[in-house]
Structure formats: structure tokens, C-alpha cells
Amino acid sequence: MKAEEVLSEALRVLREGGTILYPTDTVWGLGCDATNPEAVARIFEIKQRPDAKSMVLLASDLDMVAKYVKEVPSIAVDLVEVNDAPMTIIYPGAIAGVADAPGDRWHLAWNAVAADGSVGIRIPLMDWCRQLVFKLGRPIVSTSANISGEPTPKRFSEIPQEIKDAVDFVVPPSVDTQSTGKASQILKVGLGGEIEIIRK
């Protein structure tokens, strides 16, 4: 499949509430529409992970982030502008709930955010990945493609077959051009400009 065909198929699956296995700028991830609670629940099921844990989401840019959090702290804007490596920012005050009607995707799925209402979001550096999120028009779940508690696969070849079999669409490895195989830095920001380093 050509890259454009892969992108179109991944978008079709995401829009229909399905799950995908895809490359990100860090590691291969399991993804779905982050505004669809049923799809998010399926990701937890595939990973065999307790749904009390929150998921990292991908957004195409800060404008998208601003649609799904109550306030983007100015320090977060500064961090994103100078960032040149994968960085996940945990924002306070996610806008989560149940969409009012099919196709009304102005809330994150309730099960995609942490119990305290915060949400971790990364703007991917990988062009293909960012284009996928941009074309979908809403955040995508991005969690490592492994069973909970097992090592994170650094390459496509290390992903368990049961993970590959469980998703609705697997992006061909040929699309993977920029995955580093390393987890992102994680920072938690506060509305008053506070920064807590969760992972360097």
C-alpha cells in the first residue's frame, strides 16, 4: 500500500470507532479516536490494562490541545515552541464526558483521562503521525503496543502477535521512518506555571 492509501485506511478505521497499530515518533502504538469511549475501552482490553490508568494522547498542534483542555498554561506553550524531542505534557482540566450526539466530538472520552481530570498529550514530531491526527480532526490515543506489564517493543518485529491480531488495522512497517524506539519525556504543568518532571 502507498503511504496515502495507508493514511486513508487508518482514518477510515478510526472514524468507524476501530483500533489501529501504528508508528509514532517514539514507539509503535495502539491507537483509537480519543473521543470515543467504546474505542478507548477496547484499547484497555487489548493491553489487558486496568482502566483506572490514563492514556497518552496525540494532538496535531496546540490549537487542538486547546479544544480539549480547559486552559493551556503559558509555560506549556513555551515548552512546545522550543521542543525538539518527543515530549508529553500532562495538562490539568481535561474536557471529558459523553458526546451529545454521534459525530459531536468536542469532549475527550471519560476513560481517556486520569482520575484527577488531567490528560497527557504529545504533539508528535513525525510528519505521517501528525498528519493522521490532523486529518482525523481530534486526538488519538497513543499507548505502547504491548500487554500491560510486559516490555515495550522498540521495533515492529518485537510486537506480540496477539496485539497485531487484536487491532482492526495494522499500519505497514514501511511507513515507520522516524520512530526512535525511546519513550517521550513527560512533564506535568500547572496553571500557575509549575513544572513537575515525571520522566526525563
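The values are calculated or read from the model by the stated rules, or taken from the named source; none is laboratory data. Predicted, not measured: the structure shown is a model, and the values here were computed from it. FYI the Cβ positions are ideal-geometry reconstructions off the backbone, even for glycines, and counts take in every protein chain you see. For accessibility, only protein heavy atoms count, side chains too; no ligands or nucleic acids. Shrake-Rupley method; radii C 1.70, N 1.55, O 1.52, S 1.80 Å.
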Inset, instruction - Having 1 or more residues that are crowded, with 22+ Cβ neighbours inside 10 Å and among the small types (G, A, S) is the bar; report the helices (runs of 4 or more DSSP H) wholly within the stretch 45-158 that clear it. - result: 74-82
Legend entry - Which numbered condition S8 fails, given (1) part of a helix (DSSP H, G or I); (2) within 24 Å of L125 (Cβ to Cβ); (3) touching a residue at least 60 places away in the same chain (Cβ under 8 Å): (3)
Inset, instruction - Output the residue which, of all residues in the stretch 164-200 that are open to solvent by less than 50 Å² (accessible area, probe 1.4 Å) and part of a strand (DSSP E or B), is modelled with the lowest pLDDT. - result: L187
